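Asker: Would you mind keeping the following structure in view while I ask a few things?
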Amino acid sequence: MRAQGPDISSATRALAEALLTEVDTLIERLLAAIFTDNPAWTDYSPVPRDDLREGCRDYLTRVLEVLGGHVGRPVSDDDVAAAIARHRLAQGVPLEVMLRTFRLGGRIVWEALLEQAARTGVPPAAVLEAGTATWTVIDQLSSALSSAYRDSELDRVRRDEQRRTALVEDLLGARAHDVAFAARAAQELELPATSAYIAVVADVGPDGIAALAGPRTALRAVGIRSVWLTRVDTLVGLVALEHRSLGEVLARLRPLARGRAAASPTVPELAEVSTAHALALVALSTVRPDDPGLVSLEERYPEALLARSPDLTDRLLARSLGGVLERPARERDVLLRTLAVWLEEDRSAAHAAARLHCHRNTVLNRLQRVSTLVGRPLHGRRAYVELSLALSALELPGEPL
């Protein structure tokens with residue numbers, strides 16, 4: 001429910017009506033108070049003097065209009081106070097400065113009412129009522145000022161955020177590779193014009209929570225500049241490396257990962273971030289949904305190649321591991337695990353046996369079983385490459401383990 005305007009007595013109306021003819025005098029008093037009564041609290045340096053004078057006129061006139069009964073509607077959302085708030089916000093005047101001015105103006109009006117009452121012989125009871133009405137009006141106009149200022153501030157933040165979002169979208173899409181646009185965008189986004197960049201992408205769940213928790217804040221804390229854009233199901237970040245290495249940035253981001261996230265290789269400038277973004281998405285496509293963490297494409301080139309060629313990947317799996325994948329789950333998993341460890345240990349059966357906690361001959365027997373099932377030997381450079389790629393393919397989303 002909106003606060004109602006004060007009940008104004010006839011004596012108060014008469015006093016206020018008389019002061020409406022003396023507004024210019026009250027303006028001079030208020031201006032003097034602004035610049036002499038704790039001027040640090042009322043810093044209007046961004047405001048031209050004539051503009052400030054007109055604002056004082058609007059405010060003091062409004063107070064006297066309400067007290068004089070000229071405004072019969074509620075003043076809690078007063079349009080004059082709201083207009084002052086929006087205008088001063090655009091000029092960069094803090095809300096606290098204007099609230100202080102409203103209080104000073106209230107004091108000026110109250111003192112003038114007392115002077116007018118003394119000149120016209122108004123009874124003390126009527127003077128007291130006029131004081132109560134005056135400060136009620138000041139409080140309501142101050143409330144209207146605060147509400148309008150904060151609403152306008154929120155609108156400006158939303159507009160700024162929309163503008164930033166549009167700039168990032170253009171960098172990733174319609175205006176990608178436009179060097180002149182990238183330079184302008186860097187200035188508006190407060191990013192370095194000359195720096196290498198990476199793109200980072202992360203899943204956003206149905207609940208709107210991103211798989212990276214607070215990346216911009218974490219990076220800013222160590223002096224790394226970045227911008228972030230939330231799309232329907234993906235969080236996108238553009239990170240300026242400046243004097244940092246890719247490894248340093250990833251080290252800051254990895255502890256924040258609570259789901260799938262991926263980073264691109266570096267690109268030389270902001271105009272190339274659309275390429276970085278595409279590569280980060282490729283890296284993300286190599287990670288299973290149930291495998292949280294931040295990966296870098298620099299670490300996932302084999303998986304990325306496989307993810308970009310799903311038909312060839314299926315053929316590679318069928319050729320290299322088809323017979324093994326058809327075995328019962330228990331046997332299949334043992335054979336795949338043995339093969340993976342053997343390759344990781346540079347095809348040393350003895351080293352693989354130590355990791356697998358079994359005898360060397362057991363490893364050799366299992367490898368022979370794999371060779372029989374796939375119908376070809378496991379030795380030779382091509383066999384090693386194909387088997388390694390096939391094992392990597394099994395880790396991709398959508399492929400059975």
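The values are calculated or read from the model by the stated rules, or taken from the named source; none is laboratory data. Note that this is a predicted model, so its numbers are computed, not measured. Every residue, glycine as well, gets a Cβ built from its backbone with ideal geometry; the counts of neighbours run over all protein chains shown.
Asker: Being in contact with a Gly (Cβ under 6 Å, 6 or more places away or on another chain) and either over 30 Å from residue 25 (Cα atoms) or of a type in the set (Ser, Thr, Tyr) (or both) narrows it down to one residue among 151, 207, 203; which is it? Can you show your working first?
Answerer: Numbers: 151 fails: in contact with a Gly (Cβ under 6 Å, 6 or more places away or on another chain); 207 fails: in contact with a Gly (Cβ under 6 Å, 6 or more places away or on another chain).
Every option except 203 fails the conditions.
Asker: Of the residues 349, 353, which is surrounded by 14 or more Cβ atoms within 10 Å (Cβ to Cβ), in contact with a His (Cβ under 8 Å, 6 or more places away or on another chain), more than 21 Å from residue 394 (Cα to Cα) and not hydroxyl-bearing (Ser, Thr, Tyr)?
Answerer: Values: 349 fails: in contact with a His (Cβ under 8 Å, 6 or more places away or on another chain).
The conditions single out 353.
Asker: Related question: Let me confirm something: among 47, 97, 71, which residue is within 22 Å of residue 14 (Cα to Cα) and touching a residue at least 12 places away in the same chain (Cβ under 8 Å)? First the steps, then the outcome.
Answerer: Working: 47 fails: within 22 Å of residue 14 (Cα to Cα); 97 fails: within 22 Å of residue 14 (Cα to Cα).
Residue meeting the stated conditions: 71.
Asker: So residue 339 ticks every box in (1) closer than 28 Å to residue 258 by Cα; (2) buried (at least 16 other Cβ atoms within 10 Å of the Cβ); (3) not small (Gly, Ala, Ser) but one. Which box is left unticked?
Answerer: Status for residue 339: all satisfied but (1).
Asker: Do you know which of the residues in the range 187-225 that are out of contact with any Ser or Thr (no Cβ under 9 Å at 6 or more places or on another chain) and outside any loop (DSSP other than H, G, I, E, B) is surrounded by the most Cβ atoms within 10 Å (Cβ to Cβ)?
Answerer: That would be 212.
Asker: Something else: Could you list all residues from the range 106-160 that are of a type in the set (A, V, I, L, M, F, W, C) and either in a loop (DSSP other than H, G, I, E, B) or within 30 Å of the chain's Cα centre (by Cα) (or both)?
Answerer: Residues of the range 106-160 that are of a type in the set (A, V, I, L, M, F, W, C), as a first pass: 108-110, 112-114, 117-118, 122, 125-128, 130, 133, 135, 137-138, 141, 144-145, 148, 154, 157.
Hits for the range 106-160 are 122, 144, 145, 148, 154, 157.
Asker: Another question about this same structure. Does any residue in the range 244-257 that is closer than 19 Å to residue 227 by Cβ come within less than 6 Å, Cβ to Cβ, of a residue that is surrounded by 17 or more Cβ atoms within 10 Å (Cβ to Cβ) and of a type in the set (Val, Ile, Thr) six or more places away or on a different chain, and which pairs are these?
Answerer: Filtered contacts from the range 244-257: 246/266; 249/239.
Asker: Same structure again: Inside the range 166-181, can you point out the residues that are touching a strand residue (DSSP E or B) at 6+ places or on another chain (Cβ under 8 Å) and surrounded by fewer than 15 Cβ atoms within 10 Å (Cβ to Cβ)?
Answerer: Within the range 166-181, just 169 meets the criteria.
Asker: Which number in (1) within 19 Å of residue 30 (Cα to Cα); (2) touching a residue at least 24 places away in the same chain (Cβ under 8 Å) marks the one condition that residue 131 misses?
Answerer: If we test residue 131 against (1) within 19 Å of residue 30 (Cα to Cα); (2) touching a residue at least 24 places away in the same chain (Cβ under 8 Å), just (2) comes out false.
Asker: Related question: Tell me, please, whether a residue that is surrounded by fewer than 16 Cβ atoms within 10 Å (Cβ to Cβ), touching a Lys or Arg at 6+ places or on another chain (Cβ under 9 Å) and closer than 18 Å to residue 397 by Cα can be found in the range 226-246.
Answerer: Initially, the range 226-246 is screened for residues surrounded by fewer than 16 Cβ atoms within 10 Å (Cβ to Cβ), giving 230-233, 242-243, 245.
Those still in the list that are touching a Lys or Arg at 6+ places or on another chain (Cβ under 9 Å) too: 242.
Those still in the list that are closer than 18 Å to residue 397 by Cα too: none.
So far as the range 226-246 goes, no, none of its residues is surrounded by fewer than 16 Cβ atoms within 10 Å (Cβ to Cβ), touching a Lys or Arg at 6+ places or on another chain (Cβ under 9 Å) and closer than 18 Å to residue 397 by Cα.
Asker: State whether the residues of the range 316-329 include one that is of a type in the set (Lys, Arg), under 30 Å from residue 284 (Cα atoms) and free of Cβ contacts under 8 Å to residues at least 24 places away in the same chain.
Answerer: no
Asker: Can you tell me which condition residue 286 does not meet? The list is (1) touching an Asp or Glu at 6+ places or on another chain (Cβ under 6 Å); (2) not assigned by TED's automatic domain parsing to the domain that holds residue 248, and all the others hold.
Answerer: Failed condition: (2).
Asker: What single numbered condition from (1) closer than 27 Å to residue 47 by Cβ; (2) of a type outside the set (Val, Ile, Thr); (3) at pLDDT 90 or above fails to hold for residue 77?
Answerer: Every listed condition holds for residue 77 apart from (3).
Asker: When you check residue 184 against the structure, is it of a type in the set (Lys, Arg) and crowded, with 16+ Cβ neighbours inside 10 Å, yes or no?
Answerer: Working: of a type in the set (Lys, Arg): yes; crowded, with 16+ Cβ neighbours inside 10 Å: no.
So residue 184 fails the test.
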